[in-house]
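Presented below is the structure to which this report refers.
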Amino acid sequence: MSETTAHMHDDHDHGPASGIMRWITTTNHKDIGTLYLVFALLMFFVGGLMALVIRAELFMPGLQLVEPDFFNQMTTMHALVMIFGAVMPAFVGFANWMVPMMVGAPDMALPRMNNWSFWIIPFAFTMLLLPLVLGIFGIGGGGPASGWTLYPPLSLQTGDAFAFTIFAVHMLGISSIMGAINIIATILNMRAPDMTLLRMPLFVWTWLITAFLLIAVMPVLAGAVTMLLTDRFFGTTFFSAAGGGDPVMFQHIFWFFGHPEVYIMILPAFGIISEIIPTFARKPLFGYTSMVYATASIAFLSFIVWAHHMFTVGMPLGAEIYFMLATMMIAVPTGVKVFNWVTTMWKGAMTFETPMLWAISFVVLFTIGGFSGLMLAIVPVDFQYHDTYFVVAHFHYVLVTGAVFALIAGMYYWIPKWTGYMYNEKLGKWHFWLSTIFVNILFFPQHYLGLAGMPRRIPDYSVQFAEFNMISSIGAFGFGISQLLMVAVIWQCVRGGKKASARVWEGARGLEWTVPSPAPYHTFETPPAIDDSMVAHPDDLAH
Amino acid sequence: MRKENTVIVAIAVVAAVIAVTWGILVAPRALAPVNMTQGVTQFSRDVYDLHMIILWICIVIGVLVFTAMFTAIFLHRKSRGHEAAQFSHSTKAEILWTIIPIAILVVMAYPATKTLITMETTGGADMTIKITGYQWKWKYEYLDSGIEFISTLDAASNEARQLKSGIDPASVPDYLLNVDNPVVVPTGTKIRFLITADDVIHAWWVPVLGWKRDAIPGFINEAWTIIDEPGTYRGQCAELCGKDHGFMPIVLIAKPKAEYDAWVAGQQQRMAQEAEQVQRIWSKAELMTKGEDVYNAQCATCHQPDGKGLAPAFPALAGSGIATGPLRQHIDIVLNGRDGTAMQGWGKLLNEQDIAAALTYTRNAWGNDTGDLVQPSTIAKIKNG
């Protein structure tokens with residue numbers, strides 16, 4: 001530790017190394033943040049292409065494009081790529097860039113491990129994607145096709161891709177755990193002297209809590225997939241009734257990981273939105289402390305609601321009632337958050353630059369996803385909703401218009417700080433309006449399909465579902481193509497444009513806005529002296 | 001003055017929010033069904049009512065929250081010269097919007113729990129049907145009357161659903177929702193279902209009954225229903241179960257008690273006739289004709305109609321070492337399946353004639369000219385040890 005700090009100190013006057021080695025050997029939190037973000041953007045398009053294969057096949061009844069097995073590979077890989085390749089790395093990228101700057105630290109606490117956390121991921125994804133890519137060229141049996149949840153016994157029928165998938169999951173888990181340790185160590189040890197915990201920006205708070213979730217559940221996933229591995233190759237029968245095991249036990253273990261996992265993907269989103277809304281409302285975040293407690297409550301509840309993903313497996317009545325009530329409780333802290341955001345806007349002096357538009361869209365559409373989540377919690381009704389397109393609509397509202405919209409909002413919010421240039425506001429607004437319109441055309445009709453009885457994960461459907469599938473597919477292509485605008489905005493903004501000021505936004509508060517734009521390669525080498533005018537949540541408001 | 005302004009804007013916004021809500025929830029009905037079925041059982045109607053109650057609660061909360069938000073967005077903007085207030089918390093408000101949601105949840109939890117308790121009370125059934133999920137078909141066993149049969153996707157849908165079949169799905173009646181052997185039940189009778197699977201997890205779902213249940217290998221789940229109205233009701237497997245997950249529908253025909261009894265008598269007669277068929281000697285022509293039908297209905301999904309298979313998972317039968325090799329080994333694989341592959345044991349799925357015919361067909365079709373004839377009685381002898 002002391003050696004690392006000394007080293008950092010030695011070369012603080014130099015810029016980054018040049019060429020490709022800069023990126024391979026970097027221990028700089030900003031460089032690593034950029035690597036994460038670029039990788040996530042790439043995977044967003046890879047996973048998006050898979051989604052378009054799915055939606056193209058579902059455009060009309062009948063099979064026109066792909067065999068059912070390949071369709072199943074697409075649904076499986078779309079989820080794995082989007083969750084582990086796009087959303088999670090993107091949030092870690094934001095954490096790398098912003099957390100040290102927000103708490104007044106010179107870098108992440110463990111910079112070399114930070115480098116390693118990132119560089120594991122490309123190897124893991126090579127392994128994960130290889131069977132699918134080889135399969136497309138006619139080599140081997142293709143990628144995993146049992147859904148991202150890898151339920152046995154079906155997942156045990158996977159061909160050669162099986163071991164690839166499991167080792168990739170292991171590597172991604174190691175990367176996530178190292179990233180989480182780093183974030184916790186940074187937040188708890190590296191804050192500037194006057195940056196008390198209850199002065200921290202909400203984004204930092206949400207990431208602190210998320211990091212604990214990651215450390216708690218990633219080993220559980222690793223355990224579950226290792227048991228799959230030994231069932232498949234070493235003759236164990238953890239999940240096979242024939243040998244005294246239980247296939248449902250996998251689902252319990254998986255969702256003990258899986259439910260906190262979905263909050264891992266949404267809590268930092270809450271953090272980003274809680275930064276953006278006060279800035280553009282020019283008004284402090286309403287109920288800062290209750291936001292912190294709400295986040296912690298949601299995190300706690302996430303550990304005790306897992307079986308609501310599996311109400312139809314045939315649980316005892318008492319368990320069903322318990323998991324229903326516990327799940328409904330989540331609506332309370334989540335409601336507090338939404339009410340606080342709306343009250344932050346109330347009587348503000350709002351302006352509607354691109355980040356704010358995305359944040360408002362987030363609040364509305366995430367709330368719709370929350371409503372369908374509440375509906376899904378009601379066990380007897382879930383007997384109808386379960387495994388239909390209603391569920392697909394629900395989790396895409398919380399993950400796409402929730403997590404992804406927050407990521408895009410955050411990108412527009414902080415990109416002037418990253419590049420030193422203002423992004424193209426006009427293009428950004430086009431990107432916003434097209435995305436918001438098409439995403440609803442894409443996902444809202446899926447509620448109708450699910451209620452009308454269309455199961456999820458089917459490559460073909462009866463003709464009564466034709467209309468809304470066609471509309472949904474049109475929305476999918478519109479949404480997918482609109483994202484090319486985002487690439488154009490980012491590309492332009494990296495290359496040049498109007499110079500950004502240090503504060504960038506009139507209403508912005510927080511330490512990251514006290515350093516120049518672009519942020520220098522090394523920031524806060526000496527801890528900043530903090531007064532109430534610099535922090536988003538000054539002491540005189542936090543009680 | 002400002003206060004009035006806020007009220008007027010809020011009224012306009014609430015009208016707009018309600019109009020949009022109507023537009024997305026009601027207007028699309030013109031195009032196709034958008035809501036859950038009310039079904040044909042008391043349970044399904046209870047579920048529908050619960051669904052509507054919670055939907056309405058969500059709509060009301062949504063309208064209030066979005067009205068507040070869009071009113072602020074309209075009024076409290078810098079371009080209108082609104083000055084930002086600086087308040088940042090209100091303990092009273094925060095307690096209020098914690099307590100009220102809890103109260104709403106309690107109101108919702110009560111009827112939900114009540115409905116759930118009725119659903120989980122499976123005792124007192126008049127008859128029991130055991131349902132077993134297989135990749136990719138359902139087996140039904142009537143434990144009271146001894147009837148059993150396999151139910152698979154009907155031939156017309158199966159032909160149309162092949163990749164680039166060129167057949168318009170709209171021209172196929174009940175495309176993907178039709179089967180060869182529907183499950184027939186009496187109305188007004190408490191029927192208990194025992195649901196399990198033989199290979200991977202499936203889920204048995206007929207929406208008008210109001211529930212679905214996972215079919216899990218090695219475990220038996222219980223569910224029950226009393227159907228009020230006679231009719232033909234359709235459903236599908238709802239748990240991803242492999243490549244043909246989308247192609248294992250369920251057709252449930254509910255008949256008045258008298259008609260149901262007649263159906264039972266007919267089925268029992270059919271089963272008796274089939275038992276006789278096992279003992280007689282079949283000609284090669286008979287076996288080949290029946291074998292082709294059985295093969296195309298059951299085997300061709302994986303091994304393909306031309307016997308060439310689908311590399312790498314599904315091996316070819318034309319010219320294969322097994323289909324042209326020792327007969328006994330071939331019979332064993334067909335009866336018991338092959339571990340670690342998708343080849344399942346057909347001994348418990350098909351009757352002796354079907355298996356004998358399919359074996360004869362595969363050993364003599366596509367140039368596999370072994371000349372072997374497999375008699376149903378041979379299969380029966382091997383099956384019974």
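The values are calculated or read from the model by the stated rules, or taken from the named source; none is laboratory data. Note that the coordinates shown come from a computational prediction; the quantities given were computed from them, not determined experimentally. Using ideal geometry, Cβ is built from the backbone for each residue, glycine included, and neighbour counts are taken over all protein chains shown. For accessibility, only protein heavy atoms count, side chains too; no ligands or nucleic acids. Shrake-Rupley method; radii C 1.70, N 1.55, O 1.52, S 1.80 Å.
A few comments on the model shown:
Yes/no matrix, rows are residues, columns are (1) away from chain A (no Cβ under 14 Å); (2) of a type in the set (S, T, N, Q); (3) part of a helix (DSSP H, G or I); (4) surrounded by fewer than 18 Cβ atoms within 10 Å (Cβ to Cβ):
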{"position": "B:LEU252", "(1), (2), (3), (4)": "no, no, no, no"}
{"position": "B:GLU259", "(1), (2), (3), (4)": "yes, no, yes, yes"}
{"position": "B:GLN269", "(1), (2), (3), (4)": "yes, yes, yes, yes"}
{"position": "B:GLN273", "(1), (2), (3), (4)": "yes, yes, yes, yes"}
{"position": "B:ILE281", "(1), (2), (3), (4)": "yes, no, no, yes"}
{"position": "B:LYS290", "(1), (2), (3), (4)": "yes, no, yes, no"}
{"position": "B:ALA297", "(1), (2), (3), (4)": "yes, no, yes, no"}
{"position": "B:ALA300", "(1), (2), (3), (4)": "yes, no, yes, yes"}
{"position": "B:PRO305", "(1), (2), (3), (4)": "yes, no, no, yes"}
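- The residues of the stretch B:157-172 that are assigned to a loop (DSSP other than H, G, I, E, B) and touching a residue at least 12 places away in the same chain (Cβ under 8 Å), listed by number, are B:ARG161, B:VAL172.
- Which numbered condition A:ALA180 fails, given (1) open to solvent by 10 Å² or more (accessible area, probe 1.4 Å); (2) at pLDDT 95 or above; (3) under 20 Å from A:THR295 (Cα atoms): (1)
- Exactly one residue out of B:PRO28, B:PRO33 is facing chain A (nearest Cβ under 7 Å) and outside any loop (DSSP other than H, G, I, E, B), and it is B:PRO28.
- Residues (open to solvent by 10 Å² or more (accessible area, probe 1.4 Å) and under 17 Å from A:LEU407 (Cβ atoms)) located in the stretch A:91-117: A:VAL92, A:TRP97
- Residue match in the stretch B:138-155 (condition: at the interface with chain A (Cβ under 10 Å from one of its Cβ atoms) and either open to solvent by less than 20 Å² (accessible area, probe 1.4 Å) or in contact (Cβ under 8 Å) with a residue 24 or more places away in the chain (or both)): no
- Matching residues, the stretch B:287-332, being more than 12 Å from B:MET343 (Cβ to Cβ), of a type in the set (Val, Ile, Thr) and over 33 Å from the mean Cα position of the chain (by Cα): B:THR324
- Residue under evaluation B:VAL334, criteria (1) of a type in the set (Val, Ile, Thr); (2) in contact (Cβ under 8 Å) with a residue 12 or more places away in the chain; (3) surrounded by fewer than 18 Cβ atoms within 10 Å (Cβ to Cβ), criterion not met: (3)
- Within the stretch A:523-543, the residues that satisfy the criterion of being at pLDDT 85 or above and surrounded by 10 or more Cβ atoms within 10 Å (Cβ to Cβ) are A:THR523, A:PHE524, A:GLU525, A:PRO527, A:PRO528, A:ALA529, A:ILE530.
- Within the stretch B:202-218, being open to solvent by 10 Å² or more (accessible area, probe 1.4 Å) and within 7 Å of chain A (Cβ to nearest Cβ) holds for B:PRO207, B:PRO217, B:GLY218.
- If the condition is being free of Cβ contacts under 8 Å to residues at least 12 places away in the same chain and in contact with a helix residue (DSSP H, G or I) (Cβ under 8 Å, 6 or more places away or on another chain), then the stretch B:12-34 contributes B:ILE24, B:PRO28, B:LEU31, B:ALA32, B:PRO33, B:VAL34.
- Of all residues in the stretch B:224-247 being crowded, with 21+ Cβ neighbours inside 10 Å and among the acidic types (Asp, Glu), the one that is nearest to the chain's Cα centre (by Cα): B:GLU239
- All helices (runs of 4 or more DSSP H) inside the stretch A:359-455 with 3 or more residues being more than 9 Å from every other protein chain (Cβ to nearest Cβ): A:389-398, A:405-419, A:425-452
- Residues in the stretch A:456-510 that are open to solvent by less than 40 Å² (accessible area, probe 1.4 Å) and within 23 Å of B:SER171 (Cβ to Cβ): 10 in all.
- Test: residue in the stretch A:260-278 that is buried (at least 24 other Cβ atoms within 10 Å of the Cβ), more than 21 Å from the chain's Cα centre (by Cα) and over 30 Å from B:GLN86 (Cβ atoms): no
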